Amino acid sequence: MKPFENEPILELRRASVRAGLADAIAARDARGPLKVPVWIGDDRREGWDITSTDPGKPDRVVAEAAAARPGEVDEALNVARPWTAPAQERAETLIRAADWLRERRLELAALQVRECAKPWREADADVCEAIDFLEYYALEALE
C-alpha cells in the first residue's frame with residue numbers, strides 16, 4: 001500500500017476546474033431531490049420523513065430521506081458490529097470507499113454546495129478530508 005498523502009484540493013483558480021464543478025452543480029440540480037433510504041444490510045426502505053432544502057434557496061428541495069425507527073437503529077448497530085474481518089480486508093474496504101468518493105468528488109462537492117450552502121472550496125475540501133480519513137485509517141489498520 002502506498003504511503004499516506006493528503007488528497008490535493010481542486011485548483012479552482014483554473015477556469016476548466018471551475019467549469020467542471022459548475023457542471024456538477026447543474027447536473028445535481030437537474031436530477032431533482034436525492035432520495036436517501038434507511039438501508040440496513042440488504043433491507044432498504046425509502047421515505048420522505050426528512051426534507052433537506054438549499055439554505056441559499058429554501059424552496060429548492062435537495063434531498064428527501066427516510067427516518068430510521070428505533071428498532072432499525074438497533075438492527076443497524078447489530079449488523080455493523082463487530083467488524084471481524086482481518087485487518088487487510090478492512091483496509092481494502094476503506095480504500096475502496098476512498099476510491100468511490102474520489103470518483104464522485106465533484107458530485108459530492110456539488111451536493112454540499114446545495115445542501116449546506118458551502119462555498120465551493122470548502123465543499124471540495126470536505127470531500128478531500130473524507131478521502132484522507134479513509135486512507136489514513138486503512139493504513140493504520142495495517143499497522
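Reported to the nearest whole Å, the Cα centre-to-centre distance from segment 95-126 to segment 1-71 is 8.
With contacts defined as alpha carbon pairs under 8 Å and 6 or more residues apart, what's the relative contact order of segment 80-142 in percent? The partial results should precede the final answer.
Numbers: 46 pairs, mean separation 31.3, N = 63.
Once divided by the residue count of segment 80-142, the mean separation gives 50 percent.
Using only C-alpha atoms and all pairs of different ones, pull out the Kirkwood radius for segment 84-143 in Å with one decimal.
12.1 Å
Normalised per residue, the accessible area of the chain is 65 Å², obtained with a 1.4 Å probe and no contribution from ligands, DNA or RNA. Applied to segment 117-122, the Karplus parametrisation 6.51 cos²θ - 1.76 cosθ + 1.60 on θ = phi - 60° returns per-residue 3J(HN,Hα) values of 6, 6, x, 3, 4, 5 Hz, with x for Gly and Pro.
Using the scaling law 2.2 N^0.38 Å as the reference, what is the normalised Cα Rg of segment 47-120? Intermediate results must be reported in sequence, preceding the final value.
Numbers: Rg = 16.8 Å, N = 74, 2.2 N^0.38 = 11.3 Å.
Compared with the compact-globule rule of thumb, segment 47-120 sits at 1.49.
For semi-axes √(5λ) of the Cα gyration tensor in Å, the value calculated from this model appears in (1) 32, 20, 12; (2) 28, 25, 10; (3) 30, 15, 13 under label (2).
Compare ARG96, ARG121, ARG69 in a GNM of the chain, Cα atoms joined below 10 Å, and give the one with the largest fluctuation. In this elastic network of the chain, the residue with the biggest mean-square fluctuation among ARG96, ARG121, ARG69 is ARG69.
Close amide-amide hydrogen proximity is noted between THR53 and VAL62, each under 5 Å apart and 5 or more residues distant or on a separate chain (H modeled in the peptide plane; Pro and chain starts excluded). When only Cα pairs under 8 Å and 6 or more residues apart are kept, what is the percent relative contact order across the chain? Relative contact order for the chain comes out at 30 percent.
A 1.4 Å probe, protein heavy atoms only, puts the accessible area of PHE4 near 70 Å².
The values are calculated or read from the model by the stated rules, or taken from the named source; none is laboratory data. Because the structure is predicted, anything quoted here is derived from the model rather than measured. Please note that ligands, DNA and RNA were not included when accessible areas were found on the heavy atoms of the full protein model with its side chains. Shrake-Rupley method; radii C 1.70, N 1.55, O 1.52, S 1.80 Å.
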